[in-house]
Amino acid sequence: MKGLVTKSTGSWYYVKSIETGEIIPCRVRGKFRLQNYKTTNPVAVGDYVEIELEQSKTEPSGIITFIYERENAILRKATKAGATYQIIATNLDGALLMVTPQHPFTPMGFIDRFLVLAEAYNVETTILFHKCDLYDEKDEYFQLLYNIYHQIGYKIFLTSIITKQGIEELKNFIKNKTFLLVGQSGVGKSSLLNTMDSSLNLKTQELSAKYLKGKHTTTFAEMHFLRSGGAIIDTPGIKELGLPNFQKWELGYWFREFIPYIKNCKYNNCTHINEPDCAVIAAVKNGDISTQRYNNYLNILLD
Ligand SMILES: Nc1nc2c(ncn2[C@@H]2O[C@H](COP(=O)(O)OP(=O)(O)OP(=O)(O)O)[C@@H](O)[C@H]2O)c(=O)[nH]1
Ligand SMILES: [Zn+2]
């Protein structure tokens, strides 16, 4: 029976039957696990799988026997040094990165790290400037971020659950697609989902001491189906995003506005740090590439 993995809790996977829509808790066969030794989880939310129902049980449950080929996957390093990865989600049409210039402040470093991760896995990111009821369009930091990311071609929505700005447009955008939803703890992920579909009834946290301590109300990645169509994979308050291991010269290709310049660098393995005749550095100097983006490039490169 074919199904879609909608939630994982470590050892159990919740699989939605394609035919009936029923959700069946499933386990993975031990042997199967070993074949995927490089990742901590063999199956992830977003995977299409074949399952066998277990007849003996009174409660329906199943065993995952096969994973269909993935169109894409976003992984993160399970440990900082190690070569083990955790699959966050698979088969994505895109990612929605929630950003709040304030309450909480979203550092540009956080934004760029996620954008690089998504570029590395070939997943298109759309940026949501959320809680837009809390700042006006003249807010300096908002303007800085908006101008930078708009100019380099990221699609942007301004959203608010208070004024409902952007909500209908976003629902239309999501229709028939599956997106990963990402943002710092307290940015409003659960609230936004509840506003797009009140039947979801997700737990939210009030912006209080609770969030200042960095507690998370969400713990496991889970796919939510919106009544208006499409699906969102909510992620546990992702604190750290380990990038995949990469060659130094590769990173520039994940800063999309660097790409047209890279071919004009003198060395074809240029890392754009201090090489002679580097076209990227020249573009930063004459203002064609944002200094902030370039600094974040260096931060990631020299991590
Ligand atoms: N003013 C304003 N507040 C919002 C908006 N969206 C969410 N909030 C508030 O922001 C706080 C955090 O929202 P949550 O939805 O719990 O945030 P979260 O991203 O799911 O947080 P984690 O579960 O920790 O990852 C809550 O107090 C919400 O009421 C908005 O558009 N405007
Ligand atoms: Zn260069």
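The values are calculated or read from the model by the stated rules, or taken from the named source; none is laboratory data. Keep in mind the model is a prediction, meaning the values are calculated, not measured. In this analysis, Cβ positions are derived from the backbone assuming ideal geometry, glycine residues included, and neighbour counts consider all displayed protein chains. Surface areas here come from the heavy atoms of the whole protein model, side chains and all, with no ligands, DNA or RNA. Shrake-Rupley method; radii C 1.70, N 1.55, O 1.52, S 1.80 Å.
Run the simple label-point estimate for Gln86 and Gln102 please: 7 Å along Cα→C-beta, distance reported in nm.
So the two model labels end up 3.3 nm from each other.
With only Lys, Arg, Asp and Glu charged, each at its Cβ (+1 for the first two, -1 for the last two), find how big the charge dipole of region 2-69 is about the Cα centre; round to the nearest 20 debye. Intermediate values should be presented prior to the final figure.
Numbers: 9 positive and 8 negative charges, 67 e Å.
Around 320 debye, computed over region 2-69.
Rank Ile233, Gln184, Gln205 by how far each Cα sits towards the positive end of the charge dipole of region 91-234 (+1 on Lys, Arg Cβ; -1 on Asp, Glu Cβ) and give me just the farthest.
Going by the Cα projections, it comes out as Gln205.
Multiply the residue gap between Lys155 and Asp288 by 0.36 nm, knock off their C-alpha separation, and tell me the result in nm, one decimal place. Display every interim value, and only then the final one.
Numbers: separation 133, 0.36 × 133 = 47.88 nm, distance 1.96 nm.
Gain in length upon complete extension: 45.9 nm.
Place +1 on the Cβ of every Lys and Arg and -1 on the Cβ of every Asp and Glu in the chain, take the dipole about the Cα centre, and give the residue among Ile167, Ala118, Pro260 whose Cα lies farthest towards its positive end.
Towards the positive end, the residue furthest out is Ala118.
How would you rank 102-109, 88-95, 196-203, 113-120, highest first, on the average number of other Cβ atoms within 10 Å across their residues?
Numbers: 102-109: 14.9, 88-95: 22.2, 196-203: 13.1, 113-120: 20.8.
Ranking the peptides 102-109, 88-95, 196-203, 113-120 by packing returns 88-95, 113-120, 102-109, 196-203.
Suppose we keep just the DSSP beta bridges with both residues in the chain; what percent of those would be antiparallel, to 5? Each step should come with its number before you reach the end.
Numbers: 27 of 48 bridges.
Within the chain, antiparallel bridges account for around 55 percent of the total.
Quick check: from the Cα gyration tensor, does region 89-173 come out rounded (a/c under 1.5), prolate or oblate?
Numbers: a/c = 1.92, a/b = 1.29, b/c = 1.49.
Oblate shape, in that a/c is at least 1.5 and b/c is the bigger or equal ratio.
May I ask for the angle, rounded to the nearest 10°, between helix 291-301 and the longest principal axis of the chain, with both axes built from Cα atoms and the value confined to 0 to 90°?
Compared with the principal axis, the helix lies near 60 degrees.
For region 51-126, taking Cα atoms only, what is the radius of gyration to one decimal and the Dmax to the nearest whole Å?
That works out to 17.9, 54 Å for Rg and Dmax.
Helix 140-151: angle to the longest alpha-carbon principal axis of the chain, degrees 0 to 90, nearest 10?
In the chain, helix 140-151 runs at an angle near 80 degrees to the longest axis.
Just read off the accessible area of Lys155 with the full protein assembly in place, 1.4 Å probe, to the nearest 10 Å².
90
Taking a threshold of 23 Å on the Cα-Cα distance, which of the pairs Lys7/Lys164; Lys155/Lys175; Lys177/Lys248 fall above it? Intermediate values should be presented prior to the final figure.
Values: Lys7/Lys164 28 Å; Lys155/Lys175 16 Å; Lys177/Lys248 34 Å.
Too far apart for the 23 Å limit: Lys7/Lys164; Lys177/Lys248.
How much area per residue is accessible in the chain when the probe is 1.4 Å and only protein heavy atoms are counted (Å²)?
Values: 15260 Å² over 303 residues.
Accessible area per residue: 50 Å².
Need one number: nm distance between label points at Arg70 and Asn264, each 7 Å from Cα along Cα→Cβ, rounded to one decimal.
3.8
Given the -39500 (n - 2.57) contribution per DSSP H run of 4+ residues, what per-residue ellipticity at 222 nm results for the chain, rounded to the nearest 500 deg cm²/dmol?
Values: 9 runs with 72 residues, N = 303.
It comes out at -6500 deg cm²/dmol, rounded to the nearest 500.
Run the dipole for region 1-151 about the Cα centre, Lys and Arg Cβ at +1, Asp and Glu Cβ at -1, nothing else charged, and hand back the magnitude in debye, nearest 20. Mind dumping the intermediate values first?
Working: 16 positive and 18 negative charges, 186 e Å.
Dipole size: approximately 900 debye.
With +1 on each Lys and Arg Cβ and -1 on each Asp and Glu Cβ, how big is the dipole of the chain about its Cα centre, in debye rounded to the nearest 20?
Details: 34 positive and 31 negative charges, 152 e Å.
Charge dipole of the chain: 720 debye, to the nearest 20.
How much FRET efficiency would the formula 1/(1 + (r/R0)^6) give for Tyr141 and Glu168, where r is the Cβ-Cβ distance and R0 is 25 Å, rounded to 0.05? Please list the in-between numbers first.
Values: r = 27 Å, r/R0 = 1.06.
It comes to 0.40.
Please label the shape of the chain as rounded, prolate or oblate, based on the square roots a ≥ b ≥ c of the eigenvalues of the alpha-carbon gyration tensor (a/c under 1.5 means rounded; beyond that, a/b larger than b/c means prolate, else oblate).
Numbers: a/c = 2.19, a/b = 1.38, b/c = 1.59.
Judged from the Cα gyration tensor, the chain comes out oblate (a/c at least 1.5, b/c at or above a/b).
Treating region 248-301 as a set of equal point scatterers at the Cα positions, no solvent, please give the Debye-formula log₁₀ I(q)/I(0) at q = 0.23, 0.24, 0.27 Å⁻¹.
The Cα Debye sum returns log10 ratios of -0.80, -0.88, -1.16.
Please pull out the direction-averaged projected area of region 91-234, using the convex hull of its alpha-carbon atoms, in nm² to one decimal place. Mind dumping the intermediate values first?
Details: hull surface 33.2 nm².
One quarter of the hull surface, i.e. the mean projection, equals 8.3 nm².
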